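I have placed the structure first, in the form of structure tokens, so that the comments after it can refer back to it.
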Amino acid sequence: MIPLPQLRYIATTLDEDGIFVLKYNRPEVGNAISNQLNRELLQALEWAVASSAVKVIVQTGEGKFFTTGMDMSSPQPETLYANSNPQILYKLNKLFIDCPKITIAAVNGPAVGYGTSSLGLFDLVYSVPDAYFFTPFIKWGLCAEACSSFTFAQTMGRQRASHLIFTGQRMSAKELEVAGLVSKVLPRETFLRDVLEIARSVARLPGESVWVNKNLIMGAWREELHRANEKEFRSFVELLRTEDARGAAEGFAREQALKRKKESSL
């Protein structure tokens, strides 16, 4: 077996049933997604896809958050968006679209930005009851990502998709379960144990049959997902150059500077 790459921000385990669990592992910053974290996530997923020992991939977060989205810890306008390299996100999305293994999102807490938009790329999505979801793309002068311009509308309908993308307002786990983006809400007390039991039940199924059925389900979607990924990538890159995106970054930098000034005066 090819050894798993040494990772810092993604924690991984593989059990005897073929369940590969990967966790966003920056709990001290709410599992904020940095450029390095995305590189490691891509490495881990590439390894899982290539490994014959892996039957099901489960993605979750360490600590209280699934992920708080793009890392905003460096509030300088010229570096703010470097933490969300669109080329890496494009490759990640492509890998999910073509992934031959069953993929499960185990949303253990709040999911912001990519934590929400990427859910449509998973085969199964489970959530704790108190998780919340929102996508602040337009606030930052950017656009939908992770093929959510397609998956949200296809899954939830155009109006709910528009509400989630345009308003940036929070939606609850129950709301997204009703809308169809979350497969099922599970109790927090036994959440990961329940998700792993579901994963094991899938891993025990005949592998060839699982693969054929996944292809049947994905067949009508895969081409559209690749098309959405391409369009979103081009739009994201173009929007990064606009005054709106720069203005949003500069506004955030001012907010952070004011916040630090207030904190230092206490």
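Taking the conditions exactly as written (touching a residue at least 24 places away in the same chain (Cβ under 8 Å), in contact with a Cys (Cβ under 8 Å, 6 or more places away or on another chain) and open to solvent by less than 10 Å² (accessible area, probe 1.4 Å)), does ILE97 satisfy them or not? Here the answer is yes, as ILE97 does meet what is asked. Among the residues of segment 186-231, those identified as assigned to a loop (DSSP other than H, G, I, E, B) and surrounded by fewer than 17 Cβ atoms within 10 Å (Cβ to Cβ) are PRO187, ARG188, GLU189, THR190, ARG204, LEU205, PRO206. If the condition is being at pLDDT 65 or above and not in a loop (DSSP other than H, G, I, E, B), then segment 66-84 contributes THR67, MET70. Annotation note: of SER183, SER148, the sole residue that is touching a strand residue (DSSP E or B) at 6+ places or on another chain (Cβ under 9 Å), buried (at least 17 other Cβ atoms within 10 Å of the Cβ) and within 23 Å of LEU22 (Cα to Cα) is SER183.
Would you call GLN87 open to solvent by 30 Å² or more (accessible area, probe 1.4 Å), modelled with pLDDT of 90 or more and not charged (D, E, K, R)? The answer is yes for GLN87. Remark: pairs (first residue in segment 173-194, over 22 Å from SER162 (Cβ atoms); second residue acidic (Asp, Glu) and in a helix (DSSP H, G or I); Cβ separation under 8 Å; 6+ apart in sequence or on different chains) = SER183/GLU177; LYS184/GLU177; VAL185/GLU177; LEU186/ASP194; PRO187/ASP194.
Yes/no matrix, rows are residues, columns are (1) surrounded by fewer than 22 Cβ atoms within 10 Å (Cβ to Cβ); (2) under 12 Å from the mean Cα position of the chain (by Cα):
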residue: ARG26; (1), (2): no, no
residue: ASN35; (1), (2): yes, no
residue: SER52; (1), (2): yes, no
residue: GLN59; (1), (2): no, yes
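Checking GLY30, GLY63 one by one, the residue that is at pLDDT 95 or above, out of contact with any strand residue (DSSP E or B) (no Cβ under 8 Å at 6 or more places or on another chain) and among the small types (Gly, Ala, Ser) is GLY63 and no other.
Of everything listed in (1) of a type in the set (A, V, I, L, M, F, W, C); (2) open to solvent by less than 10 Å² (accessible area, probe 1.4 Å); (3) at negative phi, the single unmet condition for PHE122 is (2). In segment 125-145, the qualifying residues are those that are at pLDDT below 95 and outside any loop (DSSP other than H, G, I, E, B), and the one that is surrounded by the most Cβ atoms within 10 Å (Cβ to Cβ) is TRP140.
Screening the candidates GLY63, GLY30, GLY69 for the property of being touching a residue at least 12 places away in the same chain (Cβ under 8 Å), buried (at least 16 other Cβ atoms within 10 Å of the Cβ), of a type in the set (Gly, Ala, Ser) and in contact with a Pro (Cβ under 7 Å, 6 or more places away or on another chain) yields one hit, GLY63.
The values are calculated or read from the model by the stated rules, or taken from the named source; none is laboratory data. Bear in mind that the values here come from a model prediction, so they are computed numbers and not experimental data. Reconstructed Cβ throughout: ideal geometry from the backbone, glycine too, with neighbour counts over all protein chains shown. Note: areas computed on protein heavy atoms with side chains; ligands, DNA, RNA excluded. Shrake-Rupley method; radii C 1.70, N 1.55, O 1.52, S 1.80 Å.
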